[in-house]
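What follows is calculated from the coordinates using simple rules that are stated; it is not laboratory data. What you see is a predicted model; the values in this text were computed from it and never measured. Positions of Cβ are backbone-derived with ideal geometry, glycine not excepted, and every protein chain shown enters the neighbour counts.
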Amino acid sequence: MRGEQDVLTPEALGLALRDARRSASLSQTDAARLAGITRATISSAERGQGGLTSRALLELARTYRCAVRIAPQHQDPLIAQVIAESVDHPRGAEDA
């Protein structure tokens, strides 16, 4: 499943990571090599068992071409829409 997910538990993070890896068509071994971490670390994280440093999480996000966002659980819908639009259409993107 490619897209935004609410991740509030280690288990949900593991499922989101697994989905992102599969969407990127990568095996755990290939993802580990590209992200510079061990396959065991990916396996443990995907099972919701933790062991993932913030650096490793960011490397996996880069490898899977995903973003990591921290946002309030309860956000004004108008603010959420503005943020979503800015992510979908960042300034200067049309110049690239």
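Note on GLN49 and ARG69: the model spin-label points, each 7 Å out from Cα along the C-beta direction, lie 3.2 nm apart. In this structure the amide hydrogen of GLY48, modeled in the peptide plane, comes within under 5 Å of the amide hydrogens of GLY14, none closer than 5 places in sequence on its chain. Highest-first packing order for the peptide set 46-52, 18-24 is 18-24, 46-52, based on the mean count of other beta carbon atoms within 10 Å.
Using only Cα positions of the range 10-71, each an equal point scatterer, no hydration layer, compute I(q)/I(0) via Debye at q = 0.20, 0.23 Å⁻¹ and quote the log10 values to two decimals. Per q value, in the given order, log10 I(q)/I(0) is -0.64, -0.88.
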